[in-house]
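Inspection log for the structure reproduced underneath, given as structure tokens.
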Amino acid sequence: MTTVADWMQHLEAFAPLHLAANWDNVGLLLGERNRPCDRVLTCLTVTPEVVAEAVAESVALIVSHHPILFKPVKALSDNTADGLLLLPLLQEGIAVYSPHSAFDNCPGGINDGLAKRFGLRNIRALRPADSPAEYKLVVFVTEADLAKVSEAIFASGGGIIGVYEQCSFRVPGTGTFYGTEGTNPVVGECGRREVVPEVRLEVVVPEAKVSAAIAAMRGAHSYEEPAFDVYPLKPKPASAYPRPGRTSGPAASNSDTPRSPRPWPPRVPPAPSQRPRSSAAPPHSKIRNLSATTDPHQIL
């Protein structure tokens, strides 16, 4: 059964939330992570029309580029604008997720898409940002403890590198120790030096989960005093905000359909009063019937 949390994982693998601007409000902004989800509605902005369509079509999740509740809210009631917009979603249990500037900044996101459409060259990051701080947890375990210690660290949030999970490195070696009076070693005896085959287990852990990973490792390790080290890792370049570049002509089209030549630079559009009006409004949203194998590129 696919849940909202499953789709959050797919979306965040493509547009990690740490790439969002620090002023932004991104991620799951409304709803329950564990709710079953087989229908998703996508839109630019959550409007009353989008809410009505989501309710009528029985979707479980709205993925909106622009976030809801962008500013602090003191009340959600039927006499406030935010309440009138969101109460129907709350009543129907419909979740709302917004990637916003994380999608703007991620590789293959909006900024990269616009740069490609304009045919930019020599694209670079205007304001590069580093990825969140990470640490390397290194612990020495017996072969008998290796599986349960590694699983405990993974379950606490360690071992994630990009879109890969349960990542580790393991090297066999030899450990020594001398148990002083009052100790109770799992291997060997106190009062003499022991030589024990062990495995060096290395796992990358986000800074926010280091304490939890160490606690989980200690809980799974059979030694009274596990030997371990924690090393800070140099941050990796992670995001690029606006992508400046150079262009020598009109934007290139990704479509195979021939188009008439466009002037370069683009002409200034006419004033609103001079623009022709259309009686048919463009669709404001799209609904997807999804499976757990759907590519997140199809959502964003």
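Tabulated data
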{"read-out": "Selection count, the range 197-214, where residues are outside any helix (DSSP H, G or I) and surrounded by fewer than 16 Cβ atoms within 10 Å (Cβ to Cβ)", "value": "1"}
{"read-out": "Unique residue being free of Cβ contacts under 8 Å to residues at least 40 places away in the same chain and either within 16 Å of Leu201 (Cα to Cα) or surrounded by fewer than 13 Cβ atoms within 10 Å (Cβ to Cβ) (or both) when the list is Ala155, Ala75, Ala144", "value": "Ala75"}
{"read-out": "Index of the failed condition, Leu29 passing every other in (1) part of a strand (DSSP E or B); (2) farther than 22 Å from Thr3 by Cβ", "value": "(2)"}
{"read-out": "Members of the range 78-119 found to be free of Cβ contacts under 8 Å to residues at least 60 places away in the same chain and either touching a strand residue (DSSP E or B) at 6+ places or on another chain (Cβ under 8 Å) or on the phi > 0 side of the Ramachandran plot (or both), listed by number", "value": "Leu86, Leu89"}
{"read-out": "Test for Leu85: is it in contact with a Gly (Cβ under 8 Å, 6 or more places away or on another chain), assigned to a helix (DSSP H, G or I) and surrounded by 15 or more Cβ atoms within 10 Å (Cβ to Cβ)", "value": "no"}
{"read-out": "Residue ID - nearest to the chain's Cα centre (by Cα), chosen from residues in the range 1-34 that are of a type in the set (S, T, N, Q) and modelled with pLDDT of 85 or more", "value": "Gln9"}
{"read-out": "The listed residue being under 20 Å from Pro16 (Cα atoms) and over 20 Å from the mean Cα position of the chain (by Cα), out of Leu87, Leu114, Leu76", "value": "Leu114"}
{"read-out": "Residue in the range 67-81 that is closer than 22 Å to Met1 by Cα, out of contact with any Lys or Arg (no Cβ under 9 Å at 6 or more places or on another chain) and not in a loop (DSSP other than H, G, I, E, B) present", "value": "no"}
{"read-out": "Test: residue in the range 134-152 that is within 16 Å of Gln9 (Cβ to Cβ) and outside any helix (DSSP H, G or I)", "value": "no"}
{"read-out": "Count of the range 134-157 residues which are in contact with a Phe, Trp or Tyr (Cβ under 9 Å, 6 or more places away or on another chain) and not aliphatic (A, V, I, L, M)", "value": "5"}
{"read-out": "Subset of the range 158-192 (residues that are at pLDDT 90 or above, surrounded by fewer than 14 Cβ atoms within 10 Å (Cβ to Cβ) and of a type in the set (Gly, Ala, Ser))", "value": "Gly173, Gly191"}
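The values are calculated or read from the model by the stated rules, or taken from the named source; none is laboratory data. Computed from a prediction, not measured in an experiment: that's the story for all the values here. A quick note on method: Cβ atoms are made from the backbone with ideal geometry, for glycine too, and the neighbour counts reach across all protein chains shown.
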